[in-house]
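**Student:** My questions all concern the structure below.
The values are calculated or read from the model by the stated rules, or taken from the named source; none is laboratory data. Predicted model, so just to flag it, every value in this text is computed and none were measured. For neighbour counting, all protein chains shown are included, and Cβ atoms are generated from backbone atoms with ideal geometry for every residue, glycine included. Quick note on the areas: whole protein, heavy atoms, side chains included, nothing else; ligands and nucleic acids left out. Shrake-Rupley method; radii C 1.70, N 1.55, O 1.52, S 1.80 Å.
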Amino acid sequence: LAALHRRGVLLGLGSNYDDRLWPVLAGFPELAFPRERVLISSAVGVRKPGEGFFRHAASAVGCEVGEVLFVGDDIDNDYEGATAVGMAALLLDPHGRYPNVPHRIARLAELIQNV
């Protein structure tokens, strides 16, 4: 994530968790996103894969949905939810469970090769 940030990629984090996520994030400096780019479904009022969640995520980074690449590890909530609203998406699939998904990576480090 730090390498992507150094390359000028605007990063955010979206979760179907609740406010208990804040102390978890505090324990991981590499996840020190500005608060306005951390999207927690309980605060937004819409859970992934709801369209409103992804529209709010795009708005939080000042983009249209078609300008966002959403990377997540849940095929339904992340990958299919994002693509249904018009976002580009990558499925983080470290165990190769979804070989038929056309846009997937095994490790986040693979993102650096494409930026």
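**Student:** List the chymotrypsin sites (Phe, Trp or Tyr not before Pro) within the stretch 1-83 that fall in a DSSP loop (any state other than H, G, I, E or B) and whose Cβ has at most 16 other Cβ atoms within 10 Å. Don't skip to the end; give the middle numbers.
**Tutor:** Working: sites: TYR17, PHE53, PHE54, PHE70, TYR79; in loops: TYR17.
The qualifying sites are TYR17.
**Student:** Let me ask something else. Please identify, among SER41, SER59, SER15, the residue showing maximal mean-square fluctuation in a Gaussian network model of the chain using a 10 angstrom Cα cutoff.
**Tutor:** SER59
**Student:** Would you mind working out the accessible area per residue for the chain, using a 1.4 Å probe, and quoting it in Å²?
**Tutor:** On the way: 7010 Å² over 115 residues.
So the chain comes to 61 Å² accessible per residue, rounded to a whole number.
**Student:** Let me check against my output: what whole-number percent is the relative contact order of the stretch 6-60, with C-alpha pairs under 8 Å and at least 6 apart? If you can, show how the numbers build up before the last one.
**Tutor:** Working: 50 pairs, mean separation 20.8, N = 55.
Over the stretch 6-60, the number comes to 38 percent.
**Student:** Sticking with this one: Which of the following values of log10 I(q)/I(0) by the Debye sum over Cα atoms at q = 0.13, 0.19, 0.21 Å⁻¹ was calculated from the structure shown: [x] -0.45, -0.96, -1.17; [y] -0.58, -1.21, -1.41; [z] -0.49, -1.10, -1.34?
**Tutor:** Label [z] holds the value from this structure.
**Student:** Taking the alpha-carbon set of the stretch 59-99, what are its Rg and Dmax in Å?
**Tutor:** Gyration radius and largest Cα-Cα distance of the stretch 59-99: 10.8, 33 Å.
**Student:** Still on this model: Distance in nm between label sites at ALA109 and PHE28, each 7 Å beyond Cα in the beta-carbon direction?
**Tutor:** Result: 1.7 nm between the two label points.
**Student:** For the chain, what is the mean residue ellipticity at 222 nm derived from helices alone (per DSSP H run of n ≥ 4: -39500 (n - 2.57); sum divided by total residues; nearest 500 deg cm²/dmol)? Let's see the in-between values first.
**Tutor:** Working: 6 runs with 34 residues, N = 115.
Dividing the helical sum by the residues of the chain leaves -6500 deg cm²/dmol.
**Student:** Can you pull out the trypsin sites (Lys or Arg not before Pro) in the stretch 1-39 whose DSSP state is coil and whose Cβ has at most 15 other Cβ atoms within 10 Å? Kindly include the intermediate steps, with their values, before the conclusion.
**Tutor:** Values: sites: ARG6, ARG7, ARG20, ARG35, ARG37; in loops: ARG7, ARG20.
Those that pass, being in a loop and sparsely packed, are ARG7, ARG20.
**Student:** Next question, about the same structure. Relative contact order for the stretch 40-115 using alpha-carbon pairs under 8 Å, separation at least 6, rounded to a whole percent?
**Tutor:** On the way: 103 pairs, mean separation 16.6, N = 76.
After rounding, I find 22 percent.
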